[in-house]
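What follows is one structure encoded as structure tokens, with my remarks underneath.
The values are calculated or read from the model by the stated rules, or taken from the named source; none is laboratory data. These figures come from a predicted structure and were not determined experimentally. Methodologically, a virtual Cβ is constructed for each residue, glycine included, from the backbone with ideal geometry; neighbour enumeration extends over all protein chains shown.
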Amino acid sequence: MLAERVLTAILRTLSGRFLTLDHFGGATLPEPSPGHRYLLYAHVPFCQQLCPYCSFNRFLFSEERAVPYFRRLREEMRRVADLGYDFESMYVGGGTPTIMLDELCATIDLARELFSIREVSLETNPNHLLPEFVDELAARVQRFSVGVQSFDDSLLKQMDRYDRYGSGAEIIERLQSIAGRFQSLNVDMIFNFPSQTSEMLRRDVRLLEDSGCSQTTFYPLMVSPAVGRQMASTVGRVHYAREASLYEQISRDLTSDGVFEHATAWTFSRTSGKMIDEYIVDYDEYLGIGSGAFSYLDGTLYANTFSLRGYERMTAEGRLSVSAFRRFDRRERMRYRMLMQLFGLRLDKSDFERDFGAPVDRRLAREMAFLRVARAFERDDDEALTLSPKGRYLLVVMMREFFVGVNHFRDQALAALTQEERELLFGGGDRHSIETGAALPVTALLP
């Protein structure tokens with residue numbers, strides 16, 4: 001698709017500038033704006049094994065590292081409360097947040113004590129869909145999201161997930177066993193994996209319909225350049241030529257019989273009005289705690305240190321763990337607003353004009369012209385923009401490139417770790433070494 005190729009080229013150029021962060025020399029984050037809604041994000045960077053396609057900040061699990069980390073995470077949470085922030089919603093991601101259940105529950109409980117938390121979103125893996133986990137979490141968590149990626153056993157083996165998490169049939173049984181325990185049960189899937197076929201995706205959709213999940217998210221494979229080079233030598237090179245047709249197939253198969261409907265460009269819900277497992281859609285601004293977490297506050301992106309040693313040192317000194325930042329200019333903020341609202345399927349034109357002082361057609365004339373030529377809009381009137389089927393795919397492309405840029409930044413931050421921490425991250429050896437790309441001041445993330 002020509003529009004996809006053009007978008008990909010433009011966004012890869014822009015992301016290099018968009019994610020160039022500077023050293024953060026401030027003592028703390030800005031104070032909250034009265035009456036503004038924020039989300040609290042907490043990052044748990046530990047996994048029992050590391051997936052080859054993942055660029056998130058994650059380290060091999062050991063109890064001696066994880067227990068003090070959770071304690072420091074709760075200390076950082078208290079400092080955020082001291083700044084005057086309050087939160088209605090909390091999202092716990094990773095890594096594998098459920099890797100230490102008692103520590104996780106203590107962290108969620110403290111958040112509910114400190115803030116006005118009404119809903120908690122939590123990520124997990126299929127091996128934790130067990131009564132001893134679910135019974136503890138059901139009373140604490142409203143949105144439960146399970147990283148499945150595929151039910152195809154051959155793909156699970158390529159992703160190094162089969163031995164850890166079980167076969168596709170076993171995962172389906174576990175999902176069915178917890179159906180109805182949470183207000184929202186989301187299943188994360190991946191499409192455009194190098195060896196994935198159309199029939200594999202059709203079977204995944206059929207199994208999702210039988211799984212009992214209330215929602216599913218089909219992410220396009222989003223790998224940074226360094227991870228893509230590693231994958232090319234093992235499971236194959238990532239191509240985008242068939243991405244559009246695979247996305248159209250998923251969308252058609254999931255929605256044609258009325259079982260699912262679009263909730264975002266890549267999320268599908270069984271029933272309209274269900275909670276969406278995408279905090280960047282529900283909240284304009286969020287504050288992140290934990291090593292490798294990001295915050296977006298008042299037009300500025302903040303990145304926490306990626307170093308466990310640095311995180312320990314900063315929190316021991318009574319500081320938040322922010323190490324780098326990027327202040328977006330007005331045009332970048334407008335583009336970000338457009339991206340996130342259209343990803344959520346609707347841009348309110350009056351809200352945009354109120355916040356930026358002029359209509360979106362005037363402020364982002366080139367972007368609007370491109371999307372109209374690409375026939376991206378289904379509704380385009382004085383009140384709102386909504387997406388056509390082609391437009392939904394173009395938003396998937398935009399989000400894919402946004403997260404590829406974030407993953408590239410993460411790769412470079414991880415590459416700047418000391419050799420000792422790289423061994424903690426990768427378990428020793430050079431097989432998983434990360435290459436650096438464009439020169440970003442990633443040392444700012446390693447205080």
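Here are the numbers for the structure shown:
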{"item": "Any hit, region 383-399, residues being under 22 Å from A244 (Cβ atoms), without any contact (Cβ under 8 Å) to a residue 60 or more places away in the chain and assigned to a loop (DSSP other than H, G, I, E, B)", "result": "yes"}
{"item": "Residue check for Y85: buried (at least 19 other Cβ atoms within 10 Å of the Cβ) and either among the hydrophobic types (A, V, I, L, M, F, W, C) or part of a loop (DSSP other than H, G, I, E, B) (or both)", "result": "yes"}
{"item": "Verdict on I117 being under 20 Å from R58 (Cα atoms) and surrounded by fewer than 23 Cβ atoms within 10 Å (Cβ to Cβ)", "result": "no"}
{"item": "Test result for K390, modelled with pLDDT of 70 or more and closer than 27 Å to S295 by Cα", "result": "no"}
{"item": "Odd one out for F193, checked against (1) assigned to a loop (DSSP other than H, G, I, E, B); (2) closer than 27 Å to A106 by Cβ", "result": "(2)"}
{"item": "All positions within region 288-299 that are in contact (Cβ under 8 Å) with a residue 40 or more places away in the chain and either in contact with a helix residue (DSSP H, G or I) (Cβ under 6 Å, 6 or more places away or on another chain) or of a type in the set (S, T, N, Q) (or both)", "result": "I289, G290, S291, S295"}
{"item": "Residue within region 301-316 that is over 30 Å from R78 (Cα atoms) and in contact with a Leu (Cβ under 8 Å, 6 or more places away or on another chain) present", "result": "no"}
